[in-house]
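Undergrad: Quick one: this structure, given as structure tokens, is what I'll be asking you about.
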Amino acid sequence: MNEADKKKKGLGALDVMVLILAAAIIGSVVMRYLSNKGSDVAEGVQLDPYVITFSIQNIRDSSAENYLEKGTVFYLEDTDQVFGTLREGTSTNDAEKFYELDSGEIVRVKTEANGDLYRVDVEASVTAEGNVDDQGRFLLAGSKYIGLNREFAIYSKYVSFNIAVTGIDKAP
């Protein structure tokens, strides 16, 4: 055999290994996609309406007035899952900051800025669909654990907020 005949051989062992590895990676991506498709709502779970109360700290007063309107739908930022629909009755208080004096005493000071610099703390609530599992934990849409004092980033069509969950009750 001459050199030209040796170079015209078919696939080598390394080529076959690379093709098998590529096929395995593509197959695992497809399987993961198919298994996660529609996983926002757990199958066969009875979902009930719940009221999730939360706080938003230190936001612009104009944001509270313009973007926290009854009926606004909010989504969880990490999963794009529906968090809930804003209910009536949000409350706002002057935002407060905490300062430590040289003496070690901690004092609370309210915001004194005007206009768009004026900051508020907000208490709001949404109506959400979910259930309580056998361990007593609330699962949003039957799949996402939402607990008291947990912090989440939520968003709507126009705005996003970082919130802390302060209450979860079955809707009346």
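A short reminder: the numbers here are calculations on the coordinates, not readings from a lab. Small disclaimer: the values here were computed from a predicted structure and weren't measured. All Cβ positions, even for glycine, are placed from backbone atoms using ideal geometry, and neighbour counts span all protein chains on display.
Undergrad: Can you give the FRET efficiency to the nearest 0.05 for Asp134 and Ser160, using r as the Cβ-Cβ distance and R₀ = 35 Å?
TA: E(calc), rounded to 0.05, equals 0.60.
Undergrad: Take the Cβ-Cβ distance between Asp94 and Asn66 as r, set R0 to 22 Å, and report the resulting FRET efficiency rounded to the nearest 0.05.
TA: 0.75
Undergrad: Once amide H atoms are placed 1.01 Å from N in the peptide plane, what residues at a sequence separation of 5 or more from Thr166, or on another chain, have their amide H within under 5 Å of its amide H?
TA: Sorted by chain and number, the residues that satisfy this are Thr53, Phe54, Ser55, Asn149.
Undergrad: If you plug each phi of segment 49-54 into the Karplus form 6.51 cos²θ - 1.76 cosθ + 1.60 with θ = phi - 60°, what whole-Hz ³J(HN,Hα) values come out, in order, with x for Gly and Pro?
TA: In residue order, the calculated couplings are x, 10, 10, 9, 9, 8 Hz.
Undergrad: Still on this model: For a quick protection proxy, order the peptides 61-67, 15-21 by their average other-Cβ count within 10 Å, most packed first.
TA: So the order, starting with the most tightly packed, is 61-67, 15-21.
Undergrad: Give me, ordered by chain and number, the residues 5 or more places off Gln81 or on other chains with an amide H under 5 Å from its own placed amide H.
TA: For Gln81, whose amide H was placed from the backbone, the distant partners under 5 Å are Leu76.
Undergrad: To continue, here is another question. Of the cross-linked pairs Lys70/Lys110; Lys97/Lys144; Lys70/Lys97; Lys70/Lys170, which ones have a Cα-Cα span greater than 30 Å in the structure shown?
TA: Lys97/Lys144, as the Cα separations exceed 30 Å there.
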